[in-house]
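The values are calculated or read from the model by the stated rules, or taken from the named source; none is laboratory data. Quick caveat, the model's predicted, so the values are computed rather than measured. Cβ: placed from backbone, ideal geometry, glycine included. Neighbour counts: every protein chain shown. When the accessible area is computed, the model is the full protein with side chains, heavy atoms only, and any ligands, DNA or RNA have been set aside. Shrake-Rupley method; radii C 1.70, N 1.55, O 1.52, S 1.80 Å.
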Amino acid sequence: MIVPGNLFILSAPSGAGKSSLINALLRSDNQASARAMQVSISHTTRDARPGENNGEHYHFVSVAEFKKQISLNAFYEYAEVFGNYYGTSEAAIDAQLSQGIDVFLDIDWQGAQQVRMKKPGVTTIFISPPSKEELESRLRGRGQDSDEIIASRMAQAQAECSHYNEFDYVIVNDDFDQALLDLTTIVNNQRLKCRQQSIAQQSLFSKLLNIEAVEPTE
Ligand code: 5GP
């Protein structure tokens, strides 16, 4: 019997280091664990950035296509973020979970609120930067954006952070290795729950519990 996968949500303001943490987790986890883990590929109406591929980083679709998917109830959740639509396909996630794959949703607080309503068992994690100054310096460190854009990203970050206390777990990404350890601990905690282990360790427990059926020796 397949142990159904766990669903995780990871939200953070841009610059908190969320993508690096997810990538590091996937690299280490898929080597060390018998369980597979995947990051869900969202649909978005924003343009692809250099280096991004359709079907790998996002499914890049037109606004008309996105609205059609909304009308077909194809999304677990969707939201408008920074003027573009983003959404998570319900069928894709359910297929992965039923194959026993742990699925990670990299979505904003609005999406997290919607998934929480539909999937009460979801584990939600908020990644926080260690300080406002560090966040600003990380955003500036990318060297891509004007002062105006940095100011608007800082305002958006503050809006995202204002929802931190709706999440099950909060990780402060000050030291990267510690933050990765924290994230791994949360994932393992979920996998070791009795509900999961009773299916994963079914054969062990049926043998252990059959001890009484063994003929007693005199
Ligand atoms: P970016 O355009 O930089 O890749 O992502 C912008 C924001 O959109 C990030 O906060 C990201 O977590 C969020 N996002 C990405 N995919 C989804 C999605 O499917 N649903 C929601 N609600 N937010 C998403």
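Name every residue in the range 165-202 that is out of contact with any Lys or Arg (no Cβ under 9 Å at 6 or more places or on another chain), open to solvent by 40 Å² or more (accessible area, probe 1.4 Å) and either acidic (Asp, Glu) or assigned to a loop (DSSP other than H, G, I, E, B) (or both), in order of residue number. Selection gives 168, 174, 175, 177, 182, 192, 193, 201. Residues of the range 60-89 that are in a helix (DSSP H, G or I) and within 22 Å of residue 39 (Cα to Cα): 66, 69, 70. Scanning the range 144-155 for residues that are open to solvent by 70 Å² or more (accessible area, probe 1.4 Å) and not acidic (Asp, Glu) yields 144, 149. For the range 129-164, the tally of residues that are assigned to a loop (DSSP other than H, G, I, E, B) and among the small types (Gly, Ala, Ser) stands at 4.
On the basis of being open to solvent by 70 Å² or more (accessible area, probe 1.4 Å), in a loop (DSSP other than H, G, I, E, B) and among the basic types (Lys, Arg), does residue 49 make the cut?
yes
Taking (1) in a helix (DSSP H, G or I); (2) surrounded by fewer than 12 Cβ atoms within 10 Å (Cβ to Cβ) in turn, residue 25 satisfies each apart from (2). Remark: pairs (first residue in the range 184-206, closer than 21 Å to residue 104 by Cα; second residue assigned to a helix (DSSP H, G or I) and at pLDDT 95 or above; Cβ separation under 6 Å; 6+ apart in sequence or on different chains) are absent.
Scanning the range 55-96 for residues that are over 18 Å from residue 111 (Cα atoms), of a type in the set (A, V, I, L, M, F, W, C) and open to solvent by less than 40 Å² (accessible area, probe 1.4 Å) returns a single hit, 61.
Scanning the range 1-16 for residues that are part of a loop (DSSP other than H, G, I, E, B), within 13 Å of the ligand (Cβ to nearest atom) and either β-branched (Val, Ile, Thr) or open to solvent by 20 Å² or more (accessible area, probe 1.4 Å) (or both) yields one hit, 14.
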